[in-house]
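The values are calculated or read from the model by the stated rules, or taken from the named source; none is laboratory data. Keep in mind that what you see is a predicted model, and the values were worked out from it rather than measured. Glycine gets a Cβ as well: all are built from the backbone with ideal geometry, and neighbour counts include every protein chain shown. Accessible surface areas use protein heavy atoms only, side chains included; no ligands, DNA or RNA. Shrake-Rupley method; radii C 1.70, N 1.55, O 1.52, S 1.80 Å.
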Amino acid sequence: MSILLFGPDSYRRTARLREFVAAFSKKYPAGLVDRFDLETEGEFDRLASFCQNQSLFSNFKFAVVTNVGEADKQKTALMKGVSGDKALTLIFIADKKPTKEYAFLFKEPATAEEFALPEGRALAAFIETEAKARGAKLSAVDVRSLAASSGGDTWTIVT
């Protein structure tokens, strides 16, 4: 299965990634979880090995992939080789919506979730939810002030 989490709101995107990792780890306690930054030398080969090799301890694997970079024959071949593997979950993280050149990564049954920066009422609801989760009580004026001063940056709001 392939999952794409994209958009500029890295706070909520990261929170969603944590949910996926936690659900996988709960369902498959012996499952393998690893991260791959494809801008780093040798990471693509390590990802390919992770996807294609069988583990002695678990059949289930979960990979978080960042910085996919340019589409090429190697990446296309890898994705064709692992598509349909029900024991492998690949989560791709991107700041922007991928262009059509990346379509090969996200063929069915892929899932995509966008994390745009919240605005207006959605931003106020985010602030209220996060404040409540942390035991903070904010007035409506505080919420508006925080929303205006943060520029919609959810990391700034939370910290």
**Report entry** Thr159-Asn67 FRET efficiency (beta carbon distance; Förster radius 25 Å; 0.05 resolution)
**Finding:** 0.55
Report task. Tell me what the chain gives for mean residue ellipticity at 222 nm when only DSSP H runs of n ≥ 4 count, each as -39,500 (n - 2.57), the sum divided by the residue total, rounded to 500 deg cm²/dmol. Result -> -13000 deg cm²/dmol
**Report entry** Inter-centroid distance (Cα atoms) of the stretch 1-45 relative to the stretch 46-100, Å
**Finding:** 11
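Could you work out what % of the accessible surface of the chain is carbon and sulfur, using a 1.4 angstrom probe and leaving DNA, RNA and ligands out of the count?
54
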Requested in this report: Show the residues, 5+ positions off or on another chain, whose built amide H is closer than 5 Å to the amide H of Phe60.
Outcome: Leu32
Requested in this report: Give a quick list of chymotrypsin sites (Phe, Trp or Tyr not before Pro) in the stretch 21-92 that DSSP marks as loop, anything other than H, G, I, E or B, with at most 14 other Cβ atoms within 10 Å.
Outcome: Phe57
